[in-house]
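> Just passing along the structure, written as structure tokens.
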Amino acid sequence: MTISLLTPTENVSSPVIESLSLKELSEKTSSDYLKRNFMCKVKVKNVEQSDSWWYNGCHKSKCNEEVSKLEGKYRCFKCTRNYPLPQKKYRIIVLAEDETEAFNIVLLDRAARRLIGKTATKLIAEGISVCHIV
Ligand SMILES: [Zn+2]
């Protein structure tokens, strides 16, 4: 499987996105580069087996914050908004490689949703219904 990842953020609004190998990316450590977007073409070699492949997130699609339960509501401190229920979002750790390097990469909600083709909420709901059949 070959996927394209944007790093370090998922912001695609910048007009020019530089294409880098993972080795080149690993060498770009200055704070100037940390705010920029790059495109890396990688192959997913392995998916970390973990119970915490999703988290209770903020409802805003561009916000990847985890919400905190506060007085019966869920609060995103970044957006300073409360929600009656959290939005379940993906946070999947995969081992990704190209011909130069291999890295553990976190697939945040939008990237994971695009690969899997459904939301974390839907996948969790389907998983529960499968358990009921068995
Ligand atoms: Zn938020």
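Rule-based calculations on the coordinates, nothing more; no lab input. Given the structure is predicted, the values throughout are model-derived calculations rather than measurements. Cβ atoms come from the backbone with ideal geometry, glycine included; neighbour counts cover every protein chain shown.
> Figure the gain on full extension for Ile93 and Gln49 (residue separation times 0.36 nm, minus the Cα-Cα span) and round it to one decimal in nm.
15.0 nm
> Where the Cα atoms of the range 44-121 are projected onto their three principal axes, how long is each span, largest first, in whole Å?
48, 21, 20
> Under a straight-distance cross-link criterion of Cα-Cα below 28 Å, which lysines are reachable from Lys23, leaving out those fewer than 8 residues away in the same chain?
Candidates past the 8-residue exclusion: Lys35, Lys41, Lys43, Lys45, Lys62.
> Could I ask something else about it? Efficiency by 1/(1 + (r/R0)^6): what FRET value for Asn104 and Thr80, r their Cβ-Cβ distance, R0 = 35 Å, to the nearest 0.05?
Numbers: r = 32 Å, r/R0 = 0.90.
E(calc), rounded to 0.05, equals 0.65.
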